[in-house]
Amino acid sequence: MQYFEEKSPFYPDIVQIEITTNCNFHCKMCLRNFQKGHYQNMPLEQFEAMAEQIFPKIKKVVLYGHGEPLMHPDFEKLVKYSRKYLPKDGKIDFTTNGSLLTPEKIDKILLNNINKIIVSFDTSNFMKLKEIRSGIQEDQITSNFQYLSKQRKEGKIAELAIETVIMRSNLHDLPYLIEYCSEFNVDSIYVSHVLPYDESMLLETLYFTVSKESWEISQEIVGKGWEIFQKTMFDPVGAEVSTDALIKATNNVEDIWKRIREHGIETNPPLIFDASKKFDLAIETERVFNKTRGLAKKNKVYLELPEIFPMLSKRVCPYVSRNAIIVRVNGDVATCYNFLHNHKVFINNHERYVKELSFGNLHTESLDEIVQGKDYYNFRKILLNISKNIPWSGDCLYSTTNCFFVSNNDSDCYGNSPGCNECLYSVGLVNCIF
């Protein structure tokens with residue numbers, strides 16, 4: 001293992017741990033629905049060894065991965081060990097579907113000074129919620145949520161939050177969710193677009209992968225395309241026109257492309273024309289988002305909404321920017337949630353295979369060795385300036401034409417390995433909530 005001489009070697013502030021991959025729900029947008037896997041719990045003794053080594057030096061632990069945390073048979077002990085080894089002001093967060101968070105469980109968990117509990121909840125329309133999150137029981141969730149709300153009101157938990165996956169099927173429920181949650185002492189609502197692990201989920205998406213910068217500067221081309229169609233197909237009396245009309249209609253397209261290049265961005269015409277066909281959806285989504293913002297402000301609820309068009313100027317790796325790492329259920333250390341498990345994602349009119357990533361295993365190496373080693377150091381250094389070092393394939397024509405560099409995450413066309421060139425998290429479309 002090669003180390004780098006630094007005055008202050010990197011060590012994470014936040015460690016997210018996947019304590020289980022088991023779950024009692026079958027949510028329509030979840031990765032578990034689209035792959036077969038071996039589900040397991042992190043052994044208690046291994047978690048404690050990890051906690052003893054790592055937690056005294058960090059600021060927060062997040063007990064959540066691809067699974068329902070409370071499915072772990074020793075969840076209360078995991079929370080207890082977390083509090084035991086964290087610094088006095090260290091924080092403990094976890095995300096749950098809420099079904100197993102009974103009043104009895106809540107009382108035991110809160111003895112360990114939990115800072116934030118996030119409940120996955122996509123709509124206050126329970127008939128629709130049952131379609132989204134198969135396995136949910138209205139009476140059970142409502143009862144648990146009411147008791148959790150009571151504990152928040154009494155100050156026994158610092159923050160109560162909601163995590164929502166926004167799709168076409170629940171877009172118009174979002175404003176009502178604000179009003180519903182405000183009655184339950186909810187402090188924050190974190191909203192994320194759906195990550196399409198299956199091609200069928202593309203029908204639920206509300207976002208566009210062509211960047212906002214590229215979209216705005218390309219509108220002249222979109223308009224020109226319609227003008228070309230009109231001028232080359234018909235004259236005022238319906239007769240076909242000559243190629244002179246085509247030349248006249250296209251004589252300033254070269255100037256448009258020149259201005260695009262002067263802005264230092266790529267342009268992907270197929271995605272731009274696809275986006276133009278459903279631009280009404282973007283307008284409606286923004287209208288609902290604005291209404292929701294107003295209601296959140298009125299009800300004093302913190303609201304975090306995703307982008308609709310990615311903005312290259314805001315591109316950032318959520319984990320690297322927050323000095324966070326994630327630990328797989330088997331002890332492997334990965335950079336982020338996206339690289340936690342093998343999966344497919346459907347993006348930019350193609351299928352991409354994302355391979356899980358590991359920089360080492362905490363059962364055989366210390367976290368210091370892993371995060372200060374050459375491989376992690378170099379990758380993190382690249383991600384610290386992701387907008388400069390990593391291309392965004394949504395603006396590249398080749399991303400929609402079977403380019404080698406978008407078929408998987410082995411590498412990108414800048415020579416980086418692995419490739420983050422189509423990471424929906426980095427452009428604020430899919431939110432990392434930790």
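The values are calculated or read from the model by the stated rules, or taken from the named source; none is laboratory data. Since we're looking at a predicted model, the values are computed, not measured. FYI the Cβ positions are ideal-geometry reconstructions off the backbone, even for glycines, and counts take in every protein chain you see. What goes into the accessible areas is simple: the full protein's heavy atoms, side chains included, and nothing from ligands, DNA or RNA. Shrake-Rupley method; radii C 1.70, N 1.55, O 1.52, S 1.80 Å.
Quick look at the values:
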{"quantity": "Meets criteria (crowded, with 19+ Cβ neighbours inside 10 Å, within 19 Å of Gly428 (Cα to Cα) and modelled with pLDDT under 95) for Leu305", "calculated": "no"}
{"quantity": "Odd one out for Gly98, checked against (1) at pLDDT below 95; (2) on the phi > 0 side of the Ramachandran plot", "calculated": "(1)"}
{"quantity": "Matching entry among Phe434, Phe359 (being under 24 Å from Asp332 (Cβ atoms), modelled with pLDDT of 95 or more and out of contact with any Leu (no Cβ under 6 Å at 6 or more places or on another chain))", "calculated": "Phe359"}
{"quantity": "Conditions (1) in contact with a Ser or Thr (Cβ under 9 Å, 6 or more places away or on another chain); (2) within 30 Å of Lys59 (Cβ to Cβ); (3) not hydroxyl-bearing (Ser, Thr, Tyr); number of the one not met by Lys128", "calculated": "(2)"}
{"quantity": "Residue tally, condition surrounded by 21 or more Cβ atoms within 10 Å (Cβ to Cβ) and in a loop (DSSP other than H, G, I, E, B), over region 172-189", "calculated": "1"}
{"quantity": "Subset of region 380-434 (residues that are among the small types (Gly, Ala, Ser), closer than 20 Å to Val210 by Cβ and outside any helix (DSSP H, G or I))", "calculated": "Ser407, Gly419, Ser426, Gly428"}
{"quantity": "Sole residue being touching a residue at least 60 places away in the same chain (Cβ under 8 Å), part of a strand (DSSP E or B), β-branched (Val, Ile, Thr) and closer than 29 Å to Phe94 by Cβ, chosen from Val329, Val345, Val333", "calculated": "Val345"}
{"quantity": "Index of the failed condition, Arg352 passing every other in (1) open to solvent by less than 20 Å² (accessible area, probe 1.4 Å); (2) touching a Pro at 6+ places or on another chain (Cβ under 8 Å); (3) outside any loop (DSSP other than H, G, I, E, B); (4) farther than 29 Å from Ala161 by Cα", "calculated": "(2)"}
{"quantity": "Selection within region 402-434 - surrounded by fewer than 20 Cβ atoms within 10 Å (Cβ to Cβ), within 19 Å of the chain's Cα centre (by Cα) and over 21 Å from Ala324 (Cα atoms)", "calculated": "Asn408"}
{"quantity": "Residue among Lys156, Lys116, Lys128 that alone is in the same structural domain as Lys77 (by the TED database), out of contact with any His (no Cβ under 7 Å at 6 or more places or on another chain) and over 23 Å from Glu304 (Cβ atoms)", "calculated": "Lys156"}
{"quantity": "Test: residue in region 373-395 that is among the basic types (Lys, Arg), touching a Cys at 6+ places or on another chain (Cβ under 9 Å) and either open to solvent by 10 Å² or more (accessible area, probe 1.4 Å) or farther than 30 Å from Pro56 by Cα (or both)", "calculated": "yes"}
{"quantity": "Selection status of Thr142, among the polar types (S, T, N, Q) and either surrounded by 22 or more Cβ atoms within 10 Å (Cβ to Cβ) or farther than 23 Å from His172 by Cβ (or both)", "calculated": "no"}
{"quantity": "Close pairs from region 190-218: first within 14 Å of His350 (Cα to Cα) and surrounded by 23 or more Cβ atoms within 10 Å (Cβ to Cβ), partner at pLDDT 95 or above and of a type in the set (D, E, K, R), Cβ under 9 Å, at least 6 apart", "calculated": "Thr209/Glu422"}
{"quantity": "Region 363-372 - residue that is touching a helix residue (DSSP H, G or I) at 6+ places or on another chain (Cβ under 7 Å) and surrounded by 15 or more Cβ atoms within 10 Å (Cβ to Cβ) and, of those, farthest from Glu52 (Cα to Cα)", "calculated": "Ile370"}
{"quantity": "Unique residue being in a loop (DSSP other than H, G, I, E, B), more than 24 Å from the chain's Cα centre (by Cα) and among the β-branched types (Val, Ile, Thr) when the list is Ile141, Ile157, Ile136", "calculated": "Ile157"}
